[in-house]
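Asks: Encoded as structure tokens, here's the structure I'll be asking about.
The values are calculated or read from the model by the stated rules, or taken from the named source; none is laboratory data. These numbers were taken from a predicted model, which means no experiment stands behind them. Cβ placement follows ideal geometry from the backbone for every residue including glycine, while neighbour counts extend to all protein chains displayed. Calculation scope for accessible area: heavy atoms of the full protein, side chains included, ligands and nucleic acids excluded. Shrake-Rupley method; radii C 1.70, N 1.55, O 1.52, S 1.80 Å.
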Amino acid sequence: MEKPLVDRNTTLRRVAETLQWDLAVIGGGATGLGIAVDAASRGYRTILLEQHDFAKGTSSRSTKLVHGGVRYLAMGDIRLVYDALHERGILFRNAPHLAHAQSFIIPCYSFFSKCKYLIGLKIYDWLAGKYRIGKSSALSREETLRSLPGVKSARLQGGVRYFDGQFDDARMAVNLAQTAAVHGAAVLNYCQVTELSKDAAGKVTGLTFVDRETGTSYPVTAKAVINATGVFVDDILTMDTPNHKVMVRPSQGTHLVVDRTFLGERDALMIPKTSDGRVLFGVPWHNYLLLGTTDTPIKDTHIEPVPLDDEIAFILKTAADYLSPAPRKSDIRSMFAGLRPLAAPDDGEEATKEISRDHKLIVNPSGLITITGGKWTTYRKMAEETIDRAIETGALEKRACLTKTLKIQGHCTQQQAGHWASYGSDAGRVRALTVSQPDLAERLHPDFDYIGAEVVWAVVNEMARTLEDVLARRLRVLFLDAAKSMEMAPKVVALMAKQLNKNREWENQQLQAYRLIARQYLPEENLDT
Ligand SMILES: Cc1cc2nc3c(=O)[nH]c(=O)nc-3n(C[C@H](O)[C@H](O)[C@H](O)COP(=O)(O)OP(=O)(O)OC[C@H]3O[C@@H](n4cnc5c(N)ncnc54)[C@H](O)[C@@H]3O)c2cc1C
């Protein structure tokens, strides 16, 4: 039998036997996983601990754009846009199976706005340099309506088309975990860091984590400890220094998912200025349309944030200004919220939409390294900077970063058809499971192409431990259509139970827990009680 790409039990045994690590990374979202890939590929002994599943936090809840950020260009943050556009190019090269060029159209209702956006987007193209993925152009009224048949036609002058990237965030996280493991890192989900350990001089020397499946505690000794816990960085900073200065201002962003027919087939909609001064996207995603997002300051951080009524109303209202017919609340197939780990500005006064999306890297007097803010798009660069800093802090042997050209697991330049694309070069191995077990070729739901073999693959090679791990972050169906994901759940949990050697009681617990979560992905009135 082939060696699994990641294996939880083997990794835990290795952790129990390892006396000293070079780097311990806390947090298995974009930031932590990127750091683990960077560190492991440079040859450092690396361990990464995630308290839930990989990307359970913000990193599965993004707009799924690999972008420079047209909005930040308008705000004059040229360096951020330049860096992000270059990182976009690197991500396209290193993970071509997960990212693709997406055409966006800004509908324009005056000649002046058409000229303004065209000039701005030409600058955007120019900033991308050799990493440009398409050429911005002006569209006539007829061309705009042909591309976006759902857009309101009254007083429409035309549009401006530009190109950015789209990717699958949670699948990228899983591939990063695999890439880190393939390069020798120990990566573990459902392992929560509960304590930092220090020497007599007050320097951080490691941490303790608890395996949440068994309750077993493990001590870890490491030359450098990195806090990459997104909106939770302040909890880890409190373990280091009670009463420390707050580092993160969380801001919630909500997305609604509706049928793709509300917009059109291939092109995405970009609304450059909403009533609250932000941008709103309508992006085709699988056979659905992703609408979002919002920017709502939030006091309490939660791993499963819930879309607020005001946010839902705002997105529907903004969409209704541009789309006809407009989606209504009853058309929502799924909705999800994520928390941006915005680096708190020093004066603390700006509205969250004005806080820079750049990242912030700090080292405490104890040596604890904390990185937060930033974007999925810039995860690689953030990781490079963090490891460069950790080399100094942990007095590690200096080694060059390799991730600019490092292929991410699944790397494949020949695109697979349909949803198989996101498995890249692993698609054949997933399908091969049906040779010895033909029943695994059965579809999990009549409206989706997903088959049983993908569930087995997710358990064996992607460290999926719960029903939610599979339906939310391996198959993405919870984020696409929550009601149908609940219909699919019994088949998926039965396959998982067989693979994980679990009994009927476990299956029932999983189904119950999943139902509770999935219900939050639908407005109450859309629930079939
Ligand atoms: C609505 C929205 C839309 C966005 N859209 C885009 C986009 O289109 N493109 C883009 O480039 N960026 C986008 N972003 C930004 C991007 O998603 C985030 O910058 C990124 O996902 C943050 O990743 P992270 O790893 O820092 O945080 P997270 O993904 O939250 O990861 C932190 C992890 O740390 C874990 N953790 C916390 N405490 C502990 C502990 N004690 N022990 C172990 N683990 C712990 C958590 O469980 C969590 O999984 C968007 C963000 C939001 C909110």
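Asks: Just checking, which of Val6, Val70 is more than 21 Å from Ile371 (Cα to Cα), of a type outside the set (Phe, Trp, Tyr) and more than 15 Å from the ligand (Cβ to nearest atom)?
Replies: Val6
For every residue, the table says whether it meets (1) modelled with pLDDT of 95 or more; (2) crowded, with 20+ Cβ neighbours inside 10 Å; (3) over 30 Å from Ala101 (Cβ atoms).
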residue	(1), (2), (3)
Phe167	yes, yes, no
Ala173	yes, yes, no
Val204	yes, yes, yes
Gly215	yes, no, yes
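Asks: Can you pull out every residue in segment 289-318 that is touching a Leu at 6+ places or on another chain (Cβ under 9 Å) and more than 16 Å from the ligand (Cβ to nearest atom)?
Replies: Leu316
Asks: Listed residues Ile362, Ile371; which is within 16 Å of the ligand (Cβ to nearest atom), out of contact with any helix residue (DSSP H, G or I) (no Cβ under 8 Å at 6 or more places or on another chain) and outside any loop (DSSP other than H, G, I, E, B)?
Replies: Only one candidate passes the filter, namely Ile362.
Asks: Can you go through Ser197, Ser217, Ser251 and tell me which one is touching an Asp or Glu at 6+ places or on another chain (Cβ under 7 Å) and not basic (Lys, Arg)?
Replies: Answer to the selection: Ser251.
Asks: While we're on this one: So how many residues does segment 320-344 have that are without any contact (Cβ under 8 Å) to a residue 60 or more places away in the chain and either within 19 Å of Pro250 (Cα to Cα) or open to solvent by less than 30 Å² (accessible area, probe 1.4 Å) (or both)?
Replies: 0
Asks: Does at least one position in segment 313-329 carry a residue that is on the phi < 0 side of the Ramachandran plot, touching an Asp or Glu at 6+ places or on another chain (Cβ under 9 Å), assigned to a loop (DSSP other than H, G, I, E, B) and at pLDDT below 95?
Replies: Scanning segment 313-329, I find no residue that is on the phi < 0 side of the Ramachandran plot, touching an Asp or Glu at 6+ places or on another chain (Cβ under 9 Å), assigned to a loop (DSSP other than H, G, I, E, B) and at pLDDT below 95, so the answer is no.
Asks: Right, another one. Yes or no: segment 347-366 includes at least one residue that is open to solvent by less than 20 Å² (accessible area, probe 1.4 Å), at pLDDT 95 or above and over 29 Å from Ala518 (Cα atoms).
Replies: Yes: segment 347-366 contains one or more residues that are open to solvent by less than 20 Å² (accessible area, probe 1.4 Å), at pLDDT 95 or above and over 29 Å from Ala518 (Cα atoms).
Asks: Another question, then. Can you find, within segment 412-439, the residue that is surrounded by the fewest Cβ atoms within 10 Å (Cβ to Cβ) among those that are touching a helix residue (DSSP H, G or I) at 6+ places or on another chain (Cβ under 6 Å) and touching a residue at least 40 places away in the same chain (Cβ under 8 Å)?
Replies: Only one residue fits best here, namely Gln415.
Asks: Here's something else I'd like to know. Please indicate, with yes or no, whether at least one residue in segment 189-202 is within 14 Å of Asn364 (Cβ to Cβ), open to solvent by less than 60 Å² (accessible area, probe 1.4 Å), within 12 Å of the ligand (Cβ to nearest atom) and at pLDDT 95 or above.
Replies: yes
Asks: Restricting segment 248-263 to residues that are away from the ligand (no atom under 12 Å from the Cβ), open to solvent by 10 Å² or more (accessible area, probe 1.4 Å) and not acidic (Asp, Glu), which is nearest to Gln51 (Cα to Cα)?
Replies: Arg249
Asks: Looking at Thr179, Thr214, Thr144, Thr205, which one is β-branched (Val, Ile, Thr), away from the ligand (no atom under 14 Å from the Cβ) and touching a residue at least 40 places away in the same chain (Cβ under 8 Å)?
Replies: Exactly one residue qualifies, and that residue is Thr179.
Asks: Would you please list the contacts, defined by Cβ atoms under 7 Å and residues six or more apart or on different chains, that run from a residue in segment 449-462 that is closer than 18 Å to Val182 by Cβ to a residue that is of a type in the set (S, T, N, Q)?
Replies: Val460/Gln499
Asks: Hey, another quick one. From the residues in segment 217-238 that are surrounded by fewer than 20 Cβ atoms within 10 Å (Cβ to Cβ) and of a type outside the set (Asp, Glu), which one is farthest from the ligand (Cβ to nearest atom)?
Replies: Thr221
Asks: Also: Taking segment 16-37, which residues are crowded, with 24+ Cβ neighbours inside 10 Å and either of a type in the set (Val, Ile, Thr) or more than 16 Å from the ligand (Cβ to nearest atom) (or both)?
Replies: Val25, Ile26, Thr31, Ile35, Val37
Asks: Given the criterion surrounded by fewer than 19 Cβ atoms within 10 Å (Cβ to Cβ) and touching a residue at least 24 places away in the same chain (Cβ under 8 Å), identify the matching residue among Arg93, Arg61, Arg13.
Replies: Residue meeting the stated conditions: Arg93.
Asks: For segment 38-57, enumerate the residues that are open to solvent by 10 Å² or more (accessible area, probe 1.4 Å) and part of a helix (DSSP H, G or I).
Replies: Ser41
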